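Below: the structure, in structure tokens.
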Ligand code: 2RA
């Protein structure tokens with residue numbers, strides 16, 4: 001098994017390496033891949049030194065599996081080149097997510113959709129993953145009709161340059177600006193680009209990806225996505241209306257018994273999910289669970305996760321694990 005991490009020098013790429021290590025994913029060879037600018041750089045993994053190679057060199061090396069987190073344009077151009085040589089590409093960018101021929105996977109929810117002929121698989125957006133993780137077991141029991149979500153997103157979702165902008169502003173230093181406004185001491189209701197309908201692309205990702213993951217276009221969803229000067233993870237206020245009524249105690253019990261979810265809901269003792277506590281963890285944390293007293297069959301909840309872990313690297317590695325466990329990685333009929 002030869003695994004490539006494409007975008008190995010980025011924030012998500014670094015997290016992918018950590019997750020591969022922590023989960024002890026077995027492979028014989030590792031390729032660390034990045035743009036020509038970073039090629040030649042030395043990086044270490046499990047105490048061994050690696051030289052970062054280019055995408056051209058990685059295609060030559062014919063990996064069995066490639067975890068991509070190098071931006072949408074790189075994915076659009078390069079994922080098909082890997083696909084052609086039989087590599088399974090798990091792509092963290094938004095480039096392929098809404099393509100009809102590509103599966104959009106959260107393994108706990110729709111891993112069963114993965115088949116041997118899938119060569120490019122899309123990892124959903126971070127803010128979508130943590131929300132659908134918490135909603136999936138409730139959808140099964142009560143059937144979701146409509147979701148209203150507001151996000152409070154970490155600068156790490158933008159990448160290293162955004163973390164630098166926040167730190168530079170905090171230190172009173174001049175530096176590269178990735179946001180159109182100061183981020184420290186601020187809240188920007190603007191993540192990714194604005195679209196024709198005046199929603200941002202991040203907001204529409206939440207709408208469209210949720211429907212695709214649940215294979216249900218009837219789910220109504222509206223989102224407002226906000227960037228905050230936060231580091232540990234994304235937080236979300238979710239208001240969800242179900243077809244069927246629920247019992248709040250039962251909702252808590254369902255969530256507490258769902259793998260990958262941690263219930264943190266003891267308001268009297270100030271216990272609720274926080275990005276500072278989610279940092280570096282793979283689970284999705286849920287709390288502030290309460291009935292919306294203004295609407296029928298409607299629930300409020302607060303969902304927090306480390307956007308670089310379950311929101312990106314961990315989910316991608318879990319897809320890889322699923323593909324390996326179900327013998328879906330090795331190619332068929334393609335001369336390699
Ligand atoms: C963000 N959702 O937080 C993005 C990262 N994929 O900006």
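Regarding the range 267-275, can at least one residue be identified that is closer than 22 Å to residue 125 by Cα, within 16 Å of the ligand (Cβ to nearest atom) and touching a helix residue (DSSP H, G or I) at 6+ places or on another chain (Cβ under 6 Å)? Checked against the condition, which is being closer than 22 Å to residue 125 by Cα, within 16 Å of the ligand (Cβ to nearest atom) and touching a helix residue (DSSP H, G or I) at 6+ places or on another chain (Cβ under 6 Å), the range 267-275 yields no hits at all. One residue is enough: does the range 177-184 have a residue meeting the conditions out of contact with any strand residue (DSSP E or B) (no Cβ under 9 Å at 6 or more places or on another chain) and within 13 Å of the ligand (Cβ to nearest atom)? The answer is yes; a qualifying residue exists. Among residues that are surrounded by 15 or more Cβ atoms within 10 Å (Cβ to Cβ), farther than 19 Å from residue 141 by Cα and away from the ligand (no atom under 16 Å from the Cβ), residue 297 is not included. Please find, within the range 193-205, the residue that is surrounded by the most Cβ atoms within 10 Å (Cβ to Cβ) out of those that are without any contact (Cβ under 8 Å) to a residue 24 or more places away in the chain and in a loop (DSSP other than H, G, I, E, B). Among those residues, the one meeting the criterion is 195.
Based on what the data block shows, is residue 222 within 17 Å of residue 125 (Cβ to Cβ) and either surrounded by fewer than 18 Cβ atoms within 10 Å (Cβ to Cβ) or over 19 Å from the mean Cα position of the chain (by Cα) (or both)? Judged against the criteria, residue 222 is a match. The selection criterion, being more than 16 Å from the chain's Cα centre (by Cα), more than 28 Å from residue 214 (Cβ to Cβ) and surrounded by 17 or more Cβ atoms within 10 Å (Cβ to Cβ), does not hold for residue 79. Every test in (1) in a loop (DSSP other than H, G, I, E, B); (2) farther than 30 Å from residue 164 by Cβ is passed by residue 249 save one, and that test is (1).
Taken over the range 150-163, the criterion of being surrounded by 22 or more Cβ atoms within 10 Å (Cβ to Cβ) and either away from the ligand (no atom under 13 Å from the Cβ) or in a loop (DSSP other than H, G, I, E, B) (or both) is satisfied by 154 alone. In this structure, does residue 166 turn out to be surrounded by 18 or more Cβ atoms within 10 Å (Cβ to Cβ), in contact with a helix residue (DSSP H, G or I) (Cβ under 6 Å, 6 or more places away or on another chain), over 18 Å from residue 215 (Cα atoms) and in contact (Cβ under 8 Å) with a residue 60 or more places away in the chain? Yes.
Remark: residue 325 matches the filter, which requires a residue to be free of Cβ contacts under 8 Å to residues at least 60 places away in the same chain, more than 16 Å from the ligand (Cβ to nearest atom) and surrounded by fewer than 17 Cβ atoms within 10 Å (Cβ to Cβ). Taking residue 96, is it within 16 Å of the ligand (Cβ to nearest atom), closer than 19 Å to residue 329 by Cβ and modelled with pLDDT of 95 or more? Considered against the rule, which asks whether it is within 16 Å of the ligand (Cβ to nearest atom), closer than 19 Å to residue 329 by Cβ and modelled with pLDDT of 95 or more, residue 96 comes out as yes. Considering the range 1-106, the qualifying helices (runs of 4 or more DSSP H), each wholly inside and each with 2 or more residues that are within 22 Å of residue 125 (Cα to Cα) and touching a helix residue (DSSP H, G or I) at 6+ places or on another chain (Cβ under 9 Å), run over 11-22, 72-84.
Can you find even one residue in the range 125-135 that is within 14 Å of residue 211 (Cα to Cα), within 16 Å of the ligand (Cβ to nearest atom), in contact (Cβ under 8 Å) with a residue 40 or more places away in the chain and in a loop (DSSP other than H, G, I, E, B)? Scanning the range 125-135 turns up at least one residue that is within 14 Å of residue 211 (Cα to Cα), within 16 Å of the ligand (Cβ to nearest atom), in contact (Cβ under 8 Å) with a residue 40 or more places away in the chain and in a loop (DSSP other than H, G, I, E, B).
The values are calculated or read from the model by the stated rules, or taken from the named source; none is laboratory data. Just so it is clear, the model here is predicted, and its values are computed rather than measured. Positions of Cβ are generated from backbone atoms using ideal geometry, with glycine treated the same way; all protein chains shown enter the neighbour counts.
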